[in-house]
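**Q** Sharing a structure here in structure tokens format.
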Amino acid sequence: MNAALFPDVIVNGETIPAASIAAEAQNHSAPKDKPGIAWRKAAQALAIRALLLQEARARGLEPDPEEMAPGRVETEDEALIRALLDQALTIAPVTDADVDAEWARDPERYRSAPLWDVSHILCACDPRDAGQTEMAGTRAKAILARLDGSAKGFAAAARESDCGSKASGGHLGQLGPGDTVPEFEAALRALTEGGMTPAPVLSRHGWHIIRLNASAPGQVLPFGTVRPKIAQALEKAAWTRASRDFVETLAKAAQIAGASLDPI
């Protein structure tokens, strides 16, 4: 490991070793060809954690771990940081006027989920098997070529599908967000009503030829329905801003080497 490129981080004299940063880096996303971004994110996260723990101990706080979910209890460090933020942050309560203004800014953002009426043809394979995937892909392309963009023969072609829906012409019924695997849904969202995928789409189940028979966009929800959601979002945003400002205050008074707290 190049110490110049991947140094230890030192926060107010406390050393965070490069090995700890390397382990943390696995929890941060970065382009495959730019591993340094994940490293910088990890170094920043651990530097902030160190700052908060140092401040909590300086204030004489004691950890009191809470159960976060069934079988999931806070670590002592997590409990200390929570106690510190509870003590240090003052969040102004969200008012009715705040919620009204946020709603009025763009009511179109608050919609029910869309519905899609979908048919598909599946050429099943295990994507981890290159040979199997190639053969299934060739088969899917041949079916798609016969269809030539026309929906007229879709139900007949669906008899060759490896999905149980072949008994109903490939019809899957009405689907909403999250009802299918991500690759399928991403392709579905790109289709216009009556459209068909121009090329087979690979998912964990195999190759799909997808047709969007009809769609119903989500409806704008009544204010009374979304009001609690808006209030919760405003509270979360206020807490995020306050915690960021608090960390910036700690950082200005700290001596930090090997990491930057600037946005990455």
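The values are calculated or read from the model by the stated rules, or taken from the named source; none is laboratory data. A quick note: this is a predicted structure, and the numbers were derived from the prediction, not measured. Every residue, glycine as well, gets a Cβ built from its backbone with ideal geometry; the counts of neighbours run over all protein chains shown.
**Q** Could you please tell me which pairs satisfy a Cβ distance under 9 Å, a separation of 6+ or placement on different chains, a first residue in the stretch 172-183 that is among the charged types (D, E, K, R), and a second residue that is part of a loop (DSSP other than H, G, I, E, B)?
**A** The qualifying pairs are E183/R204.
**Q** Of everything in the stretch 172-230, what is in a strand (DSSP E or B) and hydrophobic (A, V, I, L, M, F, W, C)? Give them in sequence order.
**A** Those that are in a strand (DSSP E or B) and hydrophobic (A, V, I, L, M, F, W, C): L172, L175, M196, V201, L202, W207, I209, I210, L212, A214, A216, V220.
**Q** Taking the condition over 30 Å from R109 (Cβ atoms), among the charged types (D, E, K, R), out of contact with any Ser or Thr (no Cβ under 9 Å at 6 or more places or on another chain) and surrounded by 15 or more Cβ atoms within 10 Å (Cβ to Cβ), does E185 pass?
**A** Working: over 30 Å from R109 (Cβ atoms): no; among the charged types (D, E, K, R): yes; out of contact with any Ser or Thr (no Cβ under 9 Å at 6 or more places or on another chain): yes; surrounded by 15 or more Cβ atoms within 10 Å (Cβ to Cβ): yes.
No; evaluated as a whole, the condition is false for this residue.
**Q** Does L61 qualify as being touching a residue at least 12 places away in the same chain (Cβ under 8 Å), assigned to a helix (DSSP H, G or I), crowded, with 18+ Cβ neighbours inside 10 Å and among the aliphatic types (A, V, I, L, M)?
**A** Criteria not met by L61.
**Q** For residues that are in contact with a strand residue (DSSP E or B) (Cβ under 9 Å, 6 or more places away or on another chain), among the small types (G, A, S) and assigned to a helix (DSSP H, G or I), tally how many sit in the stretch 152-171.
**A** Result for the stretch 152-171: 5.
**Q** Name the one entry in A83, A56, A38 that is under 27 Å from the mean Cα position of the chain (by Cα) and either closer than 17 Å to F246 by Cα or assigned to a helix (DSSP H, G or I) (or both). Walk me through it before giving the result.
**A** Numbers: A83 fails: under 27 Å from the mean Cα position of the chain (by Cα); A56 fails: under 27 Å from the mean Cα position of the chain (by Cα).
Just a single option satisfies the conditions, and that option is A38.
**Q** Filter the stretch 138-151 for residues that are in contact (Cβ under 8 Å) with a residue 60 or more places away in the chain and either in a helix (DSSP H, G or I) or not assigned by TED's automatic domain parsing to the domain that holds P127 (or both) and give the result.
**A** Selection gives R139, A140, I143, L144, L147.
**Q** Kindly list the number of the only condition in (1) more than 23 Å from V226 (Cβ to Cβ); (2) assigned to a helix (DSSP H, G or I) that fails for E102.
**A** (1)
**Q** Can you name the residue in the stretch 80-127 that is among the small types (G, A, S) and surrounded by 11 or more Cβ atoms within 10 Å (Cβ to Cβ) and is also farthest from L61 (Cα to Cα) among such residues?
**A** Checked the stretch 80-127; the qualifying residue farthest from L61 (Cα to Cα) is S119.
**Q** Give the residue, chosen from A167, A155, A130, that is surrounded by 15 or more Cβ atoms within 10 Å (Cβ to Cβ) and among the hydrophobic types (A, V, I, L, M, F, W, C).
**A** Among A167, A155, A130, only A155 is surrounded by 15 or more Cβ atoms within 10 Å (Cβ to Cβ) and among the hydrophobic types (A, V, I, L, M, F, W, C).
**Q** Is one or more of the residues making up the stretch 68-78 outside any strand (DSSP E or B), among the charged types (D, E, K, R) and within 20 Å of I264 (Cα to Cα)? Steps first, answer last, please.
**A** To start, the set of residues in the stretch 68-78 that are outside any strand (DSSP E or B) comprises 70-71, 74-78.
After this cut, where a residue has to be among the charged types (D, E, K, R) as well, the list is 74, 76-78.
Now narrow it down to the ones that are within 20 Å of I264 (Cα to Cα): none.
Checked against the condition, which is being outside any strand (DSSP E or B), among the charged types (D, E, K, R) and within 20 Å of I264 (Cα to Cα), the stretch 68-78 yields no hits at all.
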